1. Do the conditions hold for residue 43, that is, is it closer than 21 Å to residue 104 by Cα, assigned to a helix (DSSP H, G or I) and at pLDDT 60 or above?
2. Looking at the stretch 68-84, which of its residues are farther than 30 Å from residue 107 by Cβ and more than 8 Å from the chain's Cα centre (by Cα)?
3. Can you pull out every residue in the stretch 113-128 that is in contact with a strand residue (DSSP E or B) (Cβ under 7 Å, 6 or more places away or on another chain) and either under 23 Å from residue 55 (Cβ atoms) or not in a strand (DSSP E or B) (or both)?
4. List every residue pair whose Cβ atoms sit under 7 Å apart, with the two residues 6 or more apart in sequence or on different chains, where the first one lies in the stretch 97-115 and is exposed (fewer than 13 other Cβ atoms within 10 Å of the Cβ) and the second, anywhere, is not in a loop (DSSP other than H, G, I, E, B).
5. Quick one: count up the residues across the stretch 75-96 that are part of a strand (DSSP E or B), more than 14 Å from residue 47 (Cβ to Cβ) and without any contact (Cβ under 8 Å) to a residue 40 or more places away in the chain.
């Protein structure tokens, strides 16, 4: 009888560990979309060099209120690595994602005036604003 009880305890323990691992694995996968914004297309069009991000601009603007306040880590997980990352005074961080292809597609060192989404974070890395602009942020 004691062996049976021990086996039951081991099986319960294994099932709990398996559930936790499954939960952990599923939480690490970024979602494929937010609202109408297809994040898989966004992440797949690095630097907007394939020309697919331009069609997502309206959707980005529509989900903007839901993104404000998210951490820079969460934004990076959702949108992928930024095309350009800047660190400003007082630890203010800026992520830049291009919305149009441009000279940056052939040479990353060139300054591009292509349209871009600029994500600004405060000193504790929370998203405070998203702007669509042509010029590089200062």
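The values are calculated or read from the model by the stated rules, or taken from the named source; none is laboratory data. None of the values given here were measured: they were computed from a predicted structure. Cβ atoms come from the backbone with ideal geometry, glycine included; neighbour counts cover every protein chain shown.
1. Working: closer than 21 Å to residue 104 by Cα: yes; assigned to a helix (DSSP H, G or I): yes; at pLDDT 60 or above: yes.
Yes: the conditions hold for residue 43.
2. Going residue by residue through the stretch 68-84, those that are farther than 30 Å from residue 107 by Cβ are 68-71, 74.
Answer for the stretch 68-84, where residues must be farther than 30 Å from residue 107 by Cβ and more than 8 Å from the chain's Cα centre (by Cα): 68, 69, 70, 71.
3. Going residue by residue through the stretch 113-128, those that are in contact with a strand residue (DSSP E or B) (Cβ under 7 Å, 6 or more places away or on another chain) are 114-122, 125-128.
114, 115, 116, 117, 118, 119, 122, 125, 127 - these are the residues of the stretch 113-128 that are in contact with a strand residue (DSSP E or B) (Cβ under 7 Å, 6 or more places away or on another chain) and either under 23 Å from residue 55 (Cβ atoms) or not in a strand (DSSP E or B) (or both).
4. 110/103; 110/104
5. First pass over the stretch 75-96, keeping only residues part of a strand (DSSP E or B): 84-87, 93-96.
Those left that are additionally more than 14 Å from residue 47 (Cβ to Cβ): 86-87, 93-94.
Still in the list and also without any contact (Cβ under 8 Å) to a residue 40 or more places away in the chain: 87, 93.
Residues that pass the stated criteria total 2.
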